[in-house]
Every structure is written in C-alpha cells, then in structure tokens.
Amino acid sequence: MRRAQRNGQVWVEWYHNPLSAFSAFFAGDSALLLRSRFMPSVADFVADLEAFAPTRTAADWDNVGLLLGDPADPAERVMTCLTVTPDVVDEAIAERVHLIVSHHPILFRGAKQLTAGRGDGRLVLPLVRAGVAVYSPHTAFDNCAGGVNDILCRRLGVTNTEPLRPRDGSRQVKLVVFVPDTDLVAVSDALFEAGAGSIGKYTQCSFRLPGKGTFFGGEGTNPTVGQKGRREEVEEWRLEVVLPEARVAAVVRAMRKAHSYEEPAFDIYSLKPGTSGGEGRIGELAGPVTLGELAGRAKAGLNAALVQVVGDLNKTVRRVAVACGAAGEFLSDSIRAKADVFLTGEMRFHDALTARTADVGVLLPGHYATERPAVEELAAQLSVKWPGAVIWASRNEFDPLGNSV
Ligand SMILES: [Zn+2]
C-alpha cells in the first residue's frame, strides 16, 4: 500500500484497474483509494533524483537539491531545463508546472533579499507565488552514472570510459583476511575502526564465510591454535571488507594488531573505480577518426549550432576526454590522461593555446550544447518512471549564444 502512495507507476495500475479500486472502496480502504488517485509529490521526485544523482557527490562549492518549494506538494506537471531564466519562469507559470528540475541551481550565490524585478527575486518571487518548486542536481548530475558526461560519451561514440578526474579516495581495494572464530569480532572492529567497511552511507560493511584452513608449523613457530610439527586443520572465517586505497597501511596494521596469529593470512585486491567515482570521463572511440570528423559528429549528436576546434582538423584521434559545461580546467587532466582530444562546452583563449602546445585537440560545441541534451533525456527518463505525471524539457529555453553572423 505504501508503494501505491509513493510510486506513480503503481498508482497508474490502480487507476486503470477499476476492479482493484472498487474492491478497495468496498473493503472500506477509502484512504488508499483516495491516495491512489493522487499524483507523485515533490518529495517523490526528490527521492528519485537523489537516488539517480546523489547530491553528496556534488562539488563542495555547489548548491544542489531541493532549493525551493514544499516537498509535500503534488508534482503532476514537471519541467526540466538547463537554467531557470525569465523565459523558463514564464513557461512554468503558463503551463502550471509544479516542479522545475533545473540543471543549473537557482540562488547559487546566496541571496540576502528577494524583491520584485531585481536579481534572484525576479525569478524566485513569481515561482513562489505560483507554488513552483525547484530542484537542481547540477554537478551530481554531471558525473553520476548515466549523467551529463556519460550522455556526451554515448552521443560521441566514446566507450570504455573512466572518470577523467577520479575523486580522492575513490579507488578502493578489498581486504580478505582469514580469522579464527575467537578473533572474528575483534578483527572486524579493528578493521572498521581503521576506516574499512564503508559503502556509500553505510558503515561496518563486511562479508563473512566459514571454511577450513590448514598449516604446518615448522621449527621456531608458536601456533595460536593447534601444534607445530604436524599439519593442522582449523575452522576459520573468510572476512572481507572494502577500504580506500589510501587506508591500506593503517587497516593492515590494525588487523595485525587485533589478529591472534603470528602470521595472519590476508589478500588485498584492487577494485576497478566505479563510473561515478569522479568528474569528467575519458574513453575511446571504436576506431580512429580525424579531429574534423569528430567535430562533425559532435555538432550533429549534440545539435550544436557550431563547434569551435583547436588543432589540425586532419589530426587522428581516438582517445577522447569530455567534461560538460565550462570545464577548461580539465585540460590538464586530459593532457595527463594522454587524450588525443578534449571536448568541453567553452574554454579560455590561453587554455586553447596550452592545448595547441600540448598537441591535444579541443572541441567546443558551446556550454548549452554539452548540457541541454541531458536535461531532455532526463525529462524522457522521468516520464517513463512516472507515467502518471506530465514531464517535458522546457520549450522556451534557448542558447543565449545561438546567434552568429
Ligand atoms: Zn553548465
């Protein structure tokens, strides 16, 4: 029943299943029946977006999450956009939107006053009056799995991607240690205490499997269990935890201290970094193409009015770095990652000169073209998930740099 309150899809099943609705009514469950007629709330979309692009992964300087509105309000009409502009506000009010999902945050610089017709007040006051909520995922959406940078890679044909700038500590290892039953609690506690076993918001994560270990203690040994000079079989636990690579020395030290064996048996495995474990992406095209061909592919794939190119159009490229928006700062990461070409929305003149010197091609389709497709895809994705709501990407929004002569 809870799912019926929270999930639009389940709601639709109820709504289109009169038999269930009538049976709920005749069973006296009118609360369920009434709820089942309501659309998802702002809070439902917040939970959904948070699961897709966790705001804890956003940059420190960012302003993300639900920035305006009441989570308890219904969200029957939802509009995505790149930026909340006066045009977008007009559309939201005319179209009776309940929730705007804007990639770029409102109130980004912080506001000390919100008055009519000035600064943020020009955007925020009309939205408040019309009861429109605003949610911004911004840098969390840039870098989550299936987010803006992944969408750029897909549209360019870039695969085998990894983060261009892995997040600090995002490289994880797995420690597997074999412990006797009597040590299990002490060793587990020591591992957790030293920084192992954290996965997302969960701590003290481990896996334990019972089994049998063998050893033969030669001269000069002093086994904790069993005797030296013969093969012993002992019951042990295989205890597994993940930990940041940077914590390996401290965790192994803590494990040895808590373990009663003279020579604990343990293994450390490197884990492949996750696709959401950092900013930007680097990957490869299926085969080499010229820089000019890739520029054409970017123009068509991102629906860009024009693509500025740094470098020789005939240069062969295959290894591609991407970072959406105004991400010229990722040029150094692209050079370090040995990219043949770096695509971002916009770049400063002197960064372009640096790229030229480093012989890294650069493609600049514009800030809008690198991010607008993602908010269109987000609207489509949310529509599939919430068929009971009306969801679209702003039709009023346009690229302010779209004109040229
Ligand atoms: Zn942007």
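The values are calculated or read from the model by the stated rules, or taken from the named source; none is laboratory data. These numbers were taken from a predicted model, which means no experiment stands behind them. Methodologically, a virtual Cβ is constructed for each residue, glycine included, from the backbone with ideal geometry; neighbour enumeration extends over all protein chains shown.
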Taking the stretch 285-299 and keeping only residues that are outside any helix (DSSP H, G or I) and among the small types (G, A, S), one is left with A286, G287
Suppose we keep only residues that are touching a helix residue (DSSP H, G or I) at 6+ places or on another chain (Cβ under 8 Å) and among the small types (G, A, S) within the stretch 335-367. Which one would you say is nearest to H104 (Cα to Cα)?
G345
Return the pair list, or none, for Cβ contacts closer than 8 Å from residues in the stretch 301-329 that are without any contact (Cβ under 8 Å) to a residue 24 or more places away in the chain and farther than 26 Å from E377 by Cα to residues that are surrounded by fewer than 14 Cβ atoms within 10 Å (Cβ to Cβ) and of a type in the set (D, E, K, R), at least 6 apart or on different chains.
none
Which of the residues that make up the stretch 210-243 are more than 30 Å from G200 (Cβ to Cβ) and assigned to a strand (DSSP E or B)?
K212, G213, T214, F215, F216, R231, E232, E233, V234, E235
Would you mind telling me which numbered condition in (1) assigned to a loop (DSSP other than H, G, I, E, B); (2) surrounded by fewer than 14 Cβ atoms within 10 Å (Cβ to Cβ); (3) in contact (Cβ under 8 Å) with a residue 24 or more places away in the chain P264 fails?
(2)
Out of L99, L127, L114, report the one residue that is surrounded by fewer than 20 Cβ atoms within 10 Å (Cβ to Cβ) and more than 16 Å from the ligand (Cβ to nearest atom).
L114
Quick check: anything in the stretch 300-309 within 23 Å of the chain's Cα centre (by Cα), assigned to a loop (DSSP other than H, G, I, E, B) and buried (at least 17 other Cβ atoms within 10 Å of the Cβ)?
yes
Counting just the residues of the stretch 342-383 that are among the small types (G, A, S) and more than 25 Å from S404 (Cβ to Cβ), which one comes out farthest from the ligand (Cβ to nearest atom)?
A358
With respect to A326, determine if the residue is surrounded by fewer than 18 Cβ atoms within 10 Å (Cβ to Cβ), within 16 Å of the ligand (Cβ to nearest atom), within 28 Å of N403 (Cα to Cα) and of a type in the set (G, A, S).
yes
Please determine whether any residue of the stretch 136-146 is part of a strand (DSSP E or B), within 18 Å of A53 (Cα to Cα) and within 16 Å of the ligand (Cβ to nearest atom).
yes
Examine the stretch 280-298 for a residue that is within 16 Å of the ligand (Cβ to nearest atom) and touching a helix residue (DSSP H, G or I) at 6+ places or on another chain (Cβ under 7 Å), and state whether such a residue exists.
yes
So how many residues does the stretch 274-312 have that are closer than 29 Å to Q172 by Cβ and at pLDDT 95 or above?
6
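Would you say F398 is more than 16 Å from the ligand (Cβ to nearest atom) and either modelled with pLDDT of 95 or more or farther than 16 Å from I151 by Cα (or both)?
For F398, the condition - more than 16 Å from the ligand (Cβ to nearest atom) and either modelled with pLDDT of 95 or more or farther than 16 Å from I151 by Cα (or both) - is not met.
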Could you tell me whether any residue of the stretch 64-87 is out of contact with any Leu (no Cβ under 7 Å at 6 or more places or on another chain), of a type in the set (S, T, Y) and within 16 Å of the ligand (Cβ to nearest atom)?
yes
Out of (1) modelled with pLDDT under 95; (2) among the aliphatic types (A, V, I, L, M); (3) not in a loop (DSSP other than H, G, I, E, B), the one A355 does not meet is (1)
Looking at (1) within 14 Å of the ligand (Cβ to nearest atom); (2) in a loop (DSSP other than H, G, I, E, B), which is the only condition A339 fails?
(1)
